[in-house]
Amino acid sequence: MGRTVRRAVRFLRRPKVFDAALVIVISVPAVIALVVMIARGETGEAPRLAHYLVGAALLLWRRRRPVLTAALLTALDVAGHALGLITIADLPAFIALYSVGRHTSGRVTALTSLAAYAAYALAGELFQPGKGNWVGYLFAVGTTVGVGQLVRLRAELDERARSEAADAAVREERRRIARELHDIVAHHITVITALVGGARATLPAEQEVTRDALKSAEQTAREAMTEMRLLLDVLRADDVLRDGDLIGAGGTGPDAATGVGAERLPALVAEARSAGLSTSLTVTGTPVALPAPVDLAVYRIVQEALTNTRKHAAGARAGVRLAYEPEAVEVEVVDDGRATGSGTPGFGLGGMAERVTLCGGRLTTGPHPGGGFRVHARIPLETP
């Protein structure tokens, strides 16, 4: 029962549903009265009720077109004054003026309110002179619009409070993740670096190939630790996340702090070769400075693609292509291996897709027509 009530309340809170329900509620008494009068043959009040019902119907636009709705209802009421149908503003007009305050702000609200008051005050003096209606309309218009403004301000403050609470929760979660990474992952990387360095130091001089492999592994671990520290600094930052980006002093976002990008692709390819993966790099076009998110996305796509090749297509060869175009950059990694089906599926391809999407680009992955696997991304140079 409670769930049904909550569902009904959520349904009625939908803007279009609420506005339609409002029109129905305020129209039903007038419709009943009109039907009864027509049945009795009493049509004297029919124009007055018709005037009211037309005004009520106009409220269906009050949220999407508050100024237009208020203007139409003001004009309708002025005509009602001129025809002697009404002596004060109808209820739909007050609801429309409230909507102006609720859904507009600043100069628009002030000018609309002033114009509505001027029209009502002038109509009162012309069609009901000497009654001082201009004073009543000053209070009525000002109060109605003011209430709408107060409700709008309260809603904005509530939304800001919810946003700040969400930002605080995100910052606390980032700091928690940073602590976990420091205490667990960073510790293990440090231990690995020390063990590999110790093993290299104990090797006989004639085992040059093994020594070089261990040296490369040690260097890779040190680089991973450097990137880990940079990421920990980003995670501990107190800046506020907006739209998936970190707004800091430079406005460059968290990805700019990692220090990797397209310029490091040759080093990344060299590391892949030293790890036993035959890899080539081709760069076409004129290299240009890439936006920080794009620069990092290019590097991470190649890094993840080469890692996947080593994991799932042992003994394969990989080719990396980076193409600079006037309005975009393309990166492609193709291997000629045959997937072994071993290993546990990870989050690499999903992470690639997220990075490319955030940069406004498009990622395609899948089997290559000539055999092997292909990862291709095209990213515009102007990020959204």
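Here are the numbers for the structure shown:
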read-out: ³J(HN,Hα), Karplus 6.51/-1.76/1.60, whole Hz, each residue of segment 375-380, x for Gly, Pro; value: 10, 9, 9, 10, 10, x
read-out: Filtered GluC sites (Glu not before Pro), segment 140-233: DSSP coil and at most 16 other beta carbons within 10 Å; value: Glu206
read-out: Angle between the chain longest axis and helix 133-180 axis [Cα atoms, degrees, rounded to 10]; value: 20 degrees
read-out: Computed FRET value (nearest 0.05) for Arg63 with Arg175, which takes r as the C-beta separation and R₀ as 56 Å; value: 0.85
read-out: Calculated Cα extents along the principal axes in Å (choose from (i) 77, 58, 39; (ii) 74, 45, 37; (iii) 114, 53, 44), label; value: (iii)
read-out: Helix 348-358 vs. the chain, principal-axis angle (Cα, 0 to 90°, nearest 10); value: 50 degrees
read-out: Residue-span extension gain [Val35 to Arg7] - 0.36 nm each, minus C-alpha spacing; value: 6.7 nm
read-out: Long-range HN-HN contacts of Arg317 with modeled amide H, under 5 Å; value: Asp336, Gly337
read-out: Relative contact order of the chain, defined on C-alpha pairs under 8 angstrom at six or more residues apart (%); value: 8 percent
read-out: Accessible area of the chain belonging to carbon and sulfur atoms, whole % at 1.4 Å probe; value: 61 percent
read-out: Inter-part distance where segment 54-99 and segment 136-188 are each reduced to a Cα centre, Å; value: 35 Å
read-out: Under-5 Å amide H pairs with Val283, H placed in peptide plane, nonlocal only; value: Leu322
read-out: Per-residue ³J(HN,Hα) for segment 184-193, Karplus 6.51 cos²θ - 1.76 cosθ + 1.60, θ = phi - 60°, Hz, x for Gly and Pro; value: 10, 5, 4, 4, 5, 5, 4, 4, 4, 4
read-out: Prolate/oblate/rounded label for segment 259-384 (Cα gyration tensor, a/c 1.5); value: prolate
read-out: For Ala275, distant residues with modelled amide H under 5 Å away; value: none
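The values are calculated or read from the model by the stated rules, or taken from the named source; none is laboratory data. Just so it is clear, the structure is predicted and the values come from calculations on it, not from any experiment. Heads up, the Cβs are rebuilt from the backbone with ideal geometry, glycines too, and the neighbour counts pull from every protein chain shown. We work out accessible area using only protein heavy atoms, side chains counted, and drop any ligands, DNA or RNA first. Shrake-Rupley method; radii C 1.70, N 1.55, O 1.52, S 1.80 Å.
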